[in-house]
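The values are calculated or read from the model by the stated rules, or taken from the named source; none is laboratory data. Only a predicted model underlies this, so the values are computations on that prediction, with no experimental measurement involved. Here Cβ is always computed from backbone atoms with ideal geometry, including for glycine, and neighbour counts include all displayed protein chains. Heads up: the accessible areas ignore ligands, DNA and RNA and are worked out on the full protein's heavy atoms, side chains in. Shrake-Rupley method; radii C 1.70, N 1.55, O 1.52, S 1.80 Å.
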Amino acid sequence: MLNILIENFEENFLPPGNHDQQDMATCLEQEWARLNDPDYLEKMVIGTPLLQWDFRVLDQGFSDLILPFTQSNSFIPVLFLHALRDLGCDNAKAKQAMIILEYAYYIAAVNDYFNFQQVFTQKERNLKEYARLTQIKYAGQYIATYPYYLLIKNVFEIGDETNNKIHKLLSDIIAATGISRGVMVKWSHRHFKDVNADMYCQNAINSLSNFFICPVVLAAIFADVPAVDLMSLKRAFSHLTLFAKLRAERKICSGTLKPDVPPVYMDSLKVLTFPGLPYINSGVDLDWREVAGETTPHIPSMYDLILKTLTTSLPADGLKATMAREEQSFAAFLLEMEQTGLLKNTTDLIRKSYKL
Amino acid sequence: MPDQLRDFYEQHIDFIKNSIAGYFPRMVDKDVFEDVSGLPELYPQDTQAIYESIFLPTQEYLNRGGKVLRPILVALCLKAYGADPDEFEPLFGAIEVMEDSSIMMDDYIDNSLERRNGPCAHEIHGYPMANISSCTAFSIAHKLFYNNTMQLSPAKTARILNAIAWEKIQMGFGQIMELYWTESNINDVAVDQYMQETISRCAFLTFRGPMRYAGILADAPDEDILRLERIGEYMLVGYHLKGDDLDMSPTSEDWGKVAGEDITTGRRTILINYLLQNAPEEKRKVLEKILNSRTDDEQIKRIVYEMVLEYKIFDYTRKLAANYNEKAKFEIDQLHIPAQYKELLHQFADFATKKRTI
């Protein structure tokens, strides 16, 4: 989905002669085989049991459930690989960390899929459906934790401090994305009343922190970038995240963005393109009754309602305010990157992609 | 609770409760956000919404209190190796927050109605919010290690962080095993597989994880740390079997949950598995039908309970629990700690397996 957020992505980040996509595909395919190999799991991941594992679960209670969520390519590892090269840290061991990034993308989609189910907005308890969803959710939970074996076994051949920084980064991103979903659900309960632009923008950054901030900072950690510069990178790519999201929101409202994702990714797509700032800036009052739900509103339906309304009537002032925020964010990104002096090639590539 | 253990409990409970009260934020501001997310706050955000969605559900569980056995066990292990619990104050709060956020997940997996004599988080806040809150709060609970609040060496921090990651993988694999058996109505789960699933899924906090962290922090010998992990696993088995028993027939008002939930969820507990594998065919068919129906009809659940009594399943599980309890005690006796702490750990093992009432 990074190719949705970064315009002209393939042309600039995956030009002819670039092998990143192929490397990613090979890496993922290899890891999928390992994920389903009991011998590998015992040797490298879950270890020898005290008593006995039941590996029947792999075919019948895991792979079949998680497979649909592996059918979307995040392209986040591509940004990671570019950043590694840019920082002079392009080694085969560090590159394997792309598995952690990609599997984190899968679990984010699993959680969004779970959280946005209509069944949870209904009064009647549908225990059978809850059980189905919970099983999927926990298949996702396992796949999110699985790649940490790469750190435990020190496949990257890194020191303790680097190991700890990576653990912290990943935990931070889990917290940020979790916070953003919690806030979004909370706002949906009150129909986005009293949500101002600043609140919305920070939540937007939090919600997509796994797309830009995570891969770039991960690369920087491998490259041993000092803490003060890591924080600058977080600031810079926070600005870029906001820019990219607001741009996507504006384009979804204008109908110029029509992304194609697997059905199970529709909820994550709606998080990515949720037209929150155009809505806040529009001053439009919506009749929420049609998306009310019996207990709580259904967020994907709120998305559809907002979009339907704004695509027919997006007030010019609101549009202007959103674009101003975009420009401000991109300018802040560039300024911050200039001050760090890092990732010059990656920054230029980003500028080129957006034609700015 | 056995006498010496009760004395230890009473000596340390206030300190532990203060740690719990102080650990998890009761309000959110820029500093809290930056502390838990590592991200700079570029714009002022809706801190009230953050608190209510992420922190409040876990806080509600914390406020209802629990026996706080895990922090007590940590204090016991620290002292056994000559460490001062005061130096690791946030650890106790962290352990209890990990526990309370994780049981929130258990509750919505099981579609439970009550926890600690109050409605479960998903009943109050909805399933999505319970999911988001429990996962996020669980991660945030570990911040004392990720942020190195206790100023540990990189090597010690790495050891603990890698152990936490390993436990999460275990938990994940154990969880998918359990849900697979339940959702696919699997009736041929071996006892060893069930025990392994229980250990994988639960030992993170009951009791292997806390004992390991205490051992690492107290600089216990490596062979002792491995033993502490094993002791934790053995005590877990007894504790968990007691929990399965209590689900079927609560003996105390302290139980805090609705009886017979395992039958309603169709969960393949050891009680159920033993029945499925040993009852005559016609009774087995009745049992399978009841489990597959996911009923919460008390009369129908009673049929299962009567079968458990008829085939003396409680005797079987209690013998099994006693067996693991003895294994735990054997390992405790090998630890390089003073006799008084071995005795306290013996008493803890007995308490966890048999009574669980303070």
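Quick notes
- Values of log10 I(q)/I(0) for region A:45-93 across q = 0.31 Å⁻¹ run -1.09, by the Debye formula with one identical scatterer at each alpha carbon and no solvent.
- For region A:132-224, the Kirkwood estimate of the hydrodynamic radius, built from every pair of different alpha carbons, is 15.4 Å.
- Of interest is the spacing of the C-alpha centroids, which for region B:314-351 and region B:263-285 amounts to 29 Å.
- Annotation: region B:258-358 has a Kirkwood hydrodynamic radius of 15.7 angstrom, from the mean reciprocal C-alpha pair distance.
- Among the residues of region A:31-65, those with an accessible-area drop of 40 Å² or more from chain alone to full protein complex, heavy atoms and 1.4 Å probe, are A:ILE46, A:LEU50, A:LEU51, A:GLN52, A:TRP53, A:ASP54, A:ARG56, A:VAL57.
- Here the relative contact order of chain B, from alpha carbon pairs under 8 Å that lie six or more residues apart, stands at 19 percent.
- Protection proxy ranking of B:37-43, B:70-76, B:15-21 - average other beta-carbon atoms within 10 Å, highest first: B:70-76, B:37-43, B:15-21
- Solvent exposure of chain B as accessible area per residue, Å², 1.4 Å probe: 35 Å²
- Legend: mean number of C-beta atoms from other chains within 10 angstrom of residue C-beta atoms, peptide B:50-56, equals 5.
- Across peptide A:145-153, the average count of Cβ atoms from other chains found within 10 Å of a residue's Cβ is 5.
- Mean projected area (nm²) of the alpha-carbon convex hull when region B:138-178 is viewed from all directions: 2.9 nm²
- Remark: C-alpha extents of chain A on the principal axes read 59, 55, 36 Å, sorted largest to smallest.
- Note on the protein assembly as shown: the C-alpha convex hull projects to 29.3 nm² when averaged across all orientations.
- Projected area averaged over orientations for region A:163-280, convex hull of C-alpha atoms, nm²: 8.2 nm²
- Taking amide H atoms as placed 1.01 Å from N in the peptide plane, the amide H of B:GLU114 lies under 5 Å from those of B:CYS120, B:VAL258, each 5 or more residues away in sequence or on another chain.
- For chain A, built as a Gaussian network whose Cα springs stay under 10 Å, the top-fluctuating residue of A:ARG132, A:ARG250, A:ARG325: A:ARG132
- B:MET27, A:MET266, reordered so the largest accessible area comes first (probe 1.4 Å): B:MET27, A:MET266
- Take the accessible area of chain B alone and of chain A alone, subtract that of the pair, and you get about 6400 Å² summed over both chains, using a 1.4 Å probe.
- Averaging the Cα positions of each part gives two centres, and for region A:151-216 and region A:55-92 these lie 18 Å apart.
- Long pairs among A:LYS168/A:LYS352; A:LYS251/A:LYS308; A:LYS186/A:LYS270; A:LYS137/A:LYS165; A:LYS258/A:LYS352, criterion Cα-Cα beyond 24 Å: A:LYS168/A:LYS352; A:LYS137/A:LYS165
- For the cross-link pairs A:LYS128/B:LYS67; A:LYS123/B:LYS301; A:LYS93/A:LYS245; A:LYS95/B:LYS168; A:LYS193/A:LYS234, the ones whose C-alpha atoms lie over 27 Å apart are A:LYS128/B:LYS67; A:LYS93/A:LYS245; A:LYS193/A:LYS234.
- Under 17 Å from the Cα of B:LYS354 - aspartates and glutamates, other chains or at least 8 residues apart: B:ASP3, B:GLU233, B:ASP244, B:ASP245, B:ASP247, B:GLU253, B:ASP254, B:ASP315, B:GLU326, B:GLU343
- Kyte-Doolittle mean at least -0.5, axial Cα span of 24 Å or more - DSSP H helices of chain A: A:98-115, A:127-145, A:160-189, A:227-254, A:316-340
- Peptide B:101-108 is shielded by partner chain Cβ atoms: per residue, an average of 1 of them sit within 10 Å of its Cβ.
- Candidates A:TYR40, A:TYR106, A:TYR146, ranked by Gaussian network fluctuation over chain A, Cα under 10 Å, top entry: A:TYR40
- Surface share of carbon and sulfur [accessible, 1.4 angstrom probe, percent] for chain A: 50 percent
- Global geometry of chain B, whether rounded, prolate or oblate, following the gyration tensor of its Cα atoms and the 1.5 cut on a/c: oblate
- DSSP H segments from chain B that extend 24 Å or more along their own axis, Cα-based, with Kyte-Doolittle mean of -1.0 or above: B:3-23, B:89-109, B:154-183, B:222-248, B:313-334
- Within the accessible area of chain B (1.4 Å probe), percent carbon and sulfur: 47 percent
- Only helices enter the 222 nm calculation for chain B: every DSSP H run of n ≥ 4 contributes -39,500 (n - 2.57), and dividing by all residues gives -22500 deg cm²/dmol, rounded to 500.
- Partner lysines for A:LYS43 [C-alpha distance under 16 Å; skip if fewer than 8 residues away on the same chain]: A:LYS153
- Most fluctuating residue given options A:LYS165, A:LYS308, A:LYS234, as computed from a GNM of chain A linking Cα atoms under 10 Å: A:LYS308
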